[in-house]
Amino acid sequence: MYQSLRDTGSVKRNYKVYVSPDKDFNAFMSLGGVMCVNKGALDVLDDDELAYVMAHELTHGEKRHSVAGEKKQVGLVTAVDIYLSDNPSLGALLLGNIAANYVSNAVFTKDQEKQADDIGFDYLVDAGYNPGAAAASMQVLYNKYGNSAPSGIKAVIAPGNHPATSDRINKNVKRMYEYSNRHVNVKDGWIIVNGDKTFQPAARGRYTKEERTYLSAGKLARLFHEHKAGDMVLSGNKISCGDTTVYTVSGTEDGNSIVDSLNKAIAKNPGTDDKDVWKDSLKKADTSSQNKTAKATVTSRKQQKAD
């Protein structure tokens, strides 16, 4: 998974990736380019969701976001050295202990966390993972720990200096919407296509209804992004468009009704004339940010002259 993210060409540095035996949902990036992923994260996330968490951490590494405390660097490097020596079991134990004590201080600033969420989304979609997995992974985090700032080990992936988890979900839905060239959205549990409510996914297996909503919307978003959105077909319990299975119908759902709703919404605008919408929206966002920075600089200079 790390190699898939790195193969996009966006990730320039080399990293070492380790798994801690700790059962909490967590992952972190240390100084020295070492990423640690807890077994607890592996147990509750699917591949697409885990890819987003890893992409978020890789952004911290790529942007060289500062890590508070030399102890964190020295401790982790020591554990990795032991792990690679003749006593890997001791190294694994130390990795777990270090992870459990890693967050005595805030690790990254809120702005750095927002940047990691933003760029991590780009890494995710560039590597071919589900665009809806960014929101889905944060939904798993929300379901497990809620919206309040946790303490201890839980604070690495969601400390008090992170944006609220619900805000992170909403921002990732917005990123997915822009990626779809503004065709696919999620609101109040509904998958929205071209402004129409299509269907509300149900929970199935290990997936909650919220996860399935974001992941199914993500598959639709990629179809629109790649200009492949077309007729949905129900075969057995699978709803597909071409080679992409968008949704698996649960026993209590009406697959034909879902297909009809999707096809009606897609027919309004299959998205063949909006090739550059996503890039244009990103350019506008960059321009807006640059304008704000320029205005702040001018204001500061005026204040200095006045002083």
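Over the stretch 172-224, calculate the relative contact order: mean separation of alpha carbon pairs under 8 Å at least 6 apart, over the residue count, as a percent. Present the calculation step by step, with values, prior to reporting the outcome.
On the way: 71 pairs, mean separation 18.7, N = 53.
After rounding, I find 35 percent.
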- What does the highest-first list of 255-268, 234-247, 174-187 look like by mean Cβ count within 10 Å? 174-187, 255-268, 234-247
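Cβ under 14 Å from ASP243's Cβ, ASP243 left aside: what net charge do those residues give with Lys, Arg +1 and Asp, Glu -1? Don't jump to the answer; show the numbers that get you there.
Numbers: positive: LYS219, ARG222, LYS228, LYS238; negative: GLU226, ASP231.
Charge balance in the 14 Å sphere: +2.
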- Query: Under a plain spin-label model, where a point goes 7 Å from the Cα along Cα-to-Cβ, how far apart in nm are ASP111 and LYS12?
  - Reply: 2.0 nm
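Each value in this text was obtained by applying a stated rule to the coordinates, not by laboratory testing. For clarity, every value in this text was computed on a predicted model and none was experimentally measured. With ideal geometry, Cβ positions are generated from the backbone for all residues, glycine too; neighbour counts draw on all protein chains shown.
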